[in-house]
Amino acid sequence: MSYKIPLFDLNFDDAEINAVVQTIKSGWISTGPQCGEFERMFADMLGVEHALSVANCTTALHLAFDALDIKEGDEVICPSLSFVATVNAIRYVGAIPVFCDVSSCEDLNMAPLTIEKLISPKTAAIVVMHFAGFPCKMNEIMDIAKRYNLKVIEDACHGPLSEYEGKKLGTIGDVGCFSFFSNKNISTGEGGMIVTNNGELSEKLKLKRSHGMTTMSYQRASGHSTSYDVVTLGYNYRMDDMRAALGIEQLKKIRQDLNRRAEVRGWYLEELLKYSHLLYIPFRDHKDFCSNYIFPVILKDEVAKSREEVRDEMHKRGVQTSVHYPAIHRFSIYQDFVNTSDLSITEYVADREITLPMYAGLTKSKVAEVVNTLISAIS
Ligand SMILES: *Cc1c(COP(=O)(O)O)cnc(C)c1O
């Protein structure tokens, strides 16, 4: 079905089309010069030493846990209110997810104090997810990590260019992982990036990204080397040059795209604040630069209708919505991992959250229409 106002719209034009065509015409379509350029641009944009393009963020997360030596039996503190890949990657290395609740309906990130209470002698790492691009309290989290000698992996899928006290998200922990799946702030179809300021770790990630091989085929094709060794267990988690060409064009637009999203968020807040008896608006007072990946609202208990009833009504009126997220700890494969920690806020949000349309092309009148549709669907 096609919606009058979709949840998301690609910010693509002839620039993306031409970039892919040029790459195909160049005769090199797998990992090569476009990936290199995309990585340099991304690293510069974030002010980080190393950026490695990968097939998607799920592979980035797997590489991160693997290269940081998180292993079988280790515990990793993680959010349950995230996309399942955040936690699946913990399982890929045999580690155990320890689910942590979010702070409140106004702050959908894990609270540092709650994280600290979940630490055990087996804890090896914390994976944080910056919900919608709004930063977790990274000073406190990095301080906890230092005191208990834990690694910090940032799932920064929602937050390219989002800032926390002047630092870009993804550059604060040991590694940051990004996704360029179609509906993310930067779209390449499938795609991802892993960033770090640790040179040694970057070399390890680079090896593991490509079978543990000491050279890649582009280097061999361009005559820089003729043979290779395999020095660690690796994977094929590379990006290709067609996707990197798309990514380069997307990066040229990202600032402007995010500025427009900030404007859209402003219009939403203007329209929605008068309904604060019915809705929580997460991060409503946040002021720092933010990617605004999505615009979530949460139905308060005062709303008698179920979230599904409200969404169905909105869909009938042509407004597409989504849910971020079903709680991971409730999925069949994770029920055995549910610990004693209280996940009641996560469960409330998972049952009552509605994600409203958010993209750079939204206009003020469309935002007003979304809000009118939501409010009449609630009543
Ligand atoms: C999209 C997303 C992922 C997975 O990214 P892929 O590139 O699709 O593998 C992981 N975590 C979060 C929070 C995401 O939003």
Checklist entry - When you scan the range 165-186, how many residues do you find that are surrounded by fewer than 24 Cβ atoms within 10 Å (Cβ to Cβ), of a type in the set (Gly, Ala, Ser) and closer than 12 Å to GLY133 by Cα? => result 0
Item to check | Members of the range 144-168 found to be in contact with a helix residue (DSSP H, G or I) (Cβ under 7 Å, 6 or more places away or on another chain) and either within 14 Å of THR86 (Cα to Cα) or within 16 Å of the ligand (Cβ to nearest atom) (or both), listed by number | outcome: VAL152, ILE153, ASP155, CYS157, HIS158, GLY159, PRO160, LEU161, SER162
Checklist entry - Among VAL76, VAL20, VAL48, which is the only one that is within 16 Å of the ligand (Cβ to nearest atom) and either in the same structural domain as PRO160 (by TED's automatic domain parsing) or surrounded by fewer than 21 Cβ atoms within 10 Å (Cβ to Cβ) (or both)? => result VAL76
Item to check | Subset of the range 21-61 (residues that are among the β-branched types (Val, Ile, Thr), under 17 Å from GLY234 (Cβ atoms) and in a helix (DSSP H, G or I)) | outcome: THR58, THR59
Checklist entry - Of all the residues that make up the range 301-329, how many are buried (at least 16 other Cβ atoms within 10 Å of the Cβ), over 22 Å from LEU169 (Cβ atoms) and of a type outside the set (Val, Ile, Thr)? => result 8
Checklist entry - Is there any pair linking a residue in the range 60-78 that is of a type in the set (Phe, Trp, Tyr) to one that is away from the ligand (no atom under 12 Å from the Cβ), with Cβ under 6 Å and at least six apart or on different chains, and which? => result PHE65/VAL93
Checklist entry - Does the range 1-58 hold any residues that are closer than 21 Å to SER291 by Cα, of a type in the set (Gly, Ala, Ser) and touching a Ser or Thr at 6+ places or on another chain (Cβ under 9 Å), and which are they? => result GLY47, ALA51, SER53
Item to check | Yes/no for VAL84 being within 15 Å of the ligand (Cβ to nearest atom) and either basic (Lys, Arg) or crowded, with 22+ Cβ neighbours inside 10 Å (or both) | outcome: no
Item to check | Looking only at the range 99-158, and only at residues there that are polar (S, T, N, Q) and assigned to a helix (DSSP H, G or I), the one that is nearest to LYS184 (Cα to Cα) | outcome: ASN139
Item to check | Residue under evaluation GLU249, criteria (1) assigned to a helix (DSSP H, G or I); (2) of a type in the set (Asp, Glu); (3) within 12 Å of the chain's Cα centre (by Cα), criterion not met | outcome: (3)
Item to check | Subset of the range 62-97 (residues that are farther than 19 Å from LYS208 by Cα, assigned to a loop (DSSP other than H, G, I, E, B) and in contact with a strand residue (DSSP E or B) (Cβ under 6 Å, 6 or more places away or on another chain)) | outcome: ASP74, SER80, LEU81, SER82
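The values are calculated or read from the model by the stated rules, or taken from the named source; none is laboratory data. None of these values were measured; they are calculated from a predicted model. Glycine also receives a Cβ, built like all others from the backbone with ideal geometry; neighbour counts cover every protein chain displayed.
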